[in-house]
Amino acid sequence: MKIYGLICYGKVKKMLKEKAEYAEMWKTGYKKEKPKLDIKKRDCMMCYQPFQSEGIHNRICISCKSTGYWQTGNDYEEIK
């Protein structure tokens, strides 16, 4: 039982320390740096045309995102 109490005390102490650090950062106006965007020319995964992509998460161009297929969740067509 004593070991469990020590483990919990350590976790609580760490949480209180982090909370105090965040409160101090908030008072001073500290803001975390935003990650840099990986802006590159990439090919759209729907129309295969190159476009300016903001990162690896951005693989569909704006014109393809405005199509009905993309908006309904059917981001592909069957080729007959």
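The values are calculated or read from the model by the stated rules, or taken from the named source; none is laboratory data. Just so it is clear, the model here is predicted, and its values are computed rather than measured. FYI the Cβ positions are ideal-geometry reconstructions off the backbone, even for glycines, and counts take in every protein chain you see. Calculation scope for accessible area: heavy atoms of the full protein, side chains included, ligands and nucleic acids excluded. Shrake-Rupley method; radii C 1.70, N 1.55, O 1.52, S 1.80 Å.
Quick notes
- Annotation note: Cβ proximity below 9 Å between a residue of the stretch 36-55 that is closer than 18 Å to residue 70 by Cα and a residue that is part of a loop (DSSP other than H, G, I, E, B) and aromatic (Phe, Trp, Tyr) (sequence gap 6+ or interchain) occurs for 46/76.
- Filtered residues of the stretch 46-57 (kept if at pLDDT 90 or above and open to solvent by less than 100 Å² (accessible area, probe 1.4 Å)): 47, 50, 51, 53
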